[in-house]
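Participant: Just passing along the structure, written as structure tokens.
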Amino acid sequence: MNLNPKQLEAFRHVMVTGSMTIAAELLKVSQPAVSRLIKDLEKNLTIRLFRREGNRLLPGAEAQRLYREVDRFYQGIEQVERVAEDLKSVRIGTLRIASMHTLGLSLLTEGVRQFSLARPSIAISLDVRNSLGILELTAAHQFDIGFVQMIGSEYPGVDVFPLPTVPAVCVLPRGHPLARKKAVHITDLQDESLISLSRNSPFRMRLDMALEAAGVSCKRSVDTTLAHSACGLVAGGLGVTVTDPFTATHLRGLALVSRPLVPVVPFEFAMVLPAHQPRSKVLNDFIHVMKDLFAKGSNAT
């Protein structure tokens, strides 16, 4: 049995409108042409689909059942057309982002803000967690993109793209003697109460090596896993901290000042994507936004 698409389209319009005349107007053909298409469909099916009562065209039980399937098919086609059109103009889409805390509470919020304002119809989720969790879930295709501390080796299931390094800054309470300087030399931290990131932080390790190389000894009162917490403790008068410029800028309202640290101790970040996955236009546009923000951060000093 060969069903003619034109016959099915005519049948659907007749079922919806209850009239061959109106169906003909919608299809932009003559009423006899619609009548012929319905008769040919009935002949192909060897089923009588309609009966007339006066001027009324009444579908039988067979027509009702056939209509349900035909309508489901056409709705599917129309939905595909709508999705294709939306994707063409990037009006819809989703973006699942994961970020380590350092970026997720500062730079990523600005990136999402800029991107969302430009594309308000994109559904965005931002999940803040540790770098290992981001790597695992990105490899499992739970995220479209992740931002982590730079890893020293390949990780299975993800493609790793290093981002521009950003120089660390020293965060101080306003009124601190070092705040009068344009830049804080690492030797200026001698005997300062230094609020540090946790010992397993790659940046903490780099900073400790720089302090040791410079022969600098600091008082260590508090360790914390979050740069935001370290800055909050500085604002509370517990000491100074060395952190990324994004967090420092984000928390500028806490009566804090930041100064470049000399010599430079870099923060190294990477962008991770599920391996062997094509990138959507939505994802590429977001990557462009984030690369711009990182470039500005790396040139901040």
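Only the coordinates and a few stated rules stand behind these numbers; no lab work does. Fair warning: this is a prediction, and the values are worked out from it, not measured in the lab. For neighbour counting, all protein chains shown are included, and Cβ atoms are generated from backbone atoms with ideal geometry for every residue, glycine included.
Participant: Which lysines, if any, have their Cα less than 30 Å from the Cα of K6, not counting same-chain residues under 8 positions apart?
Facilitator: Output for K6: K28, K39, K43, K88.
Participant: Now for a different question. Please state the shape class of region 166-267: rounded when a/c is under 1.5, otherwise prolate if a/b exceeds b/c and oblate if not, all from the C-alpha gyration tensor. Write down the numbers at each step before the final one.
Facilitator: Numbers: a/c = 1.32, a/b = 1.17, b/c = 1.13.
Since a/c stays below 1.5, the shape of region 166-267 is classed as rounded.
Participant: Would you calculate, for the chain, the mean residue ellipticity at 222 nm contributed by helices, counting each DSSP H stretch of 4 or more residues as -39,500 (n - 2.57) and dividing by all residues, to the nearest 500? Display every interim value, and only then the final one.
Facilitator: On the way: 11 runs with 135 residues, N = 301.
Mean residue ellipticity, 222 nm, calculated: -14000 deg cm²/dmol.
Participant: Say the cut-off is 27 Å between C-alpha atoms; which of K181/K296; K182/K219; K219/K291 go over it?
Facilitator: Details: K181/K296 22 Å; K182/K219 23 Å; K219/K291 36 Å.
Pairs exceeding the cut-off: K219/K291.
Participant: Could I ask something else about it? By how many degrees, between 0 and 90 and to the nearest 10, does the Cα long axis of helix 107-118 differ from the longest principal axis of the chain?
Facilitator: 30 degrees
Participant: What does the charge dipole of the chain about its Cα centre add up to, to the nearest 20 debye, if the Cβ of each Lys and Arg holds +1 and the Cβ of each Asp and Glu holds -1? Mind dumping the intermediate values first?
Facilitator: Details: 35 positive and 28 negative charges, 187 e Å.
Computed about the Cα centre, the dipole is about 900 debye.
Participant: For the chain, find the longest principal axis of its Cα atoms and tell me its angle to the long axis of helix 5-17, 0 to 90°, nearest 10.
Facilitator: 90 degrees
Participant: Please compute the modelled spin-label separation between E78 and L58, points set 7 Å along Cα→Cβ, answer in nm with one decimal.
Facilitator: Label-label distance for L58 and E78, simple model: 2.8 nm.
Participant: OK, next. Of H141, H276, H288, which has the largest mean-square fluctuation in a 10 Å C-alpha GNM of the chain?
Facilitator: H276
Participant: Take the alpha carbon atoms of region 248-286, find their center, do the same for region 26-47, and report the distance between the two centers in whole angstrom.
Facilitator: Spelled out, the Cα-based centre of one part sits 64 Å from the other.
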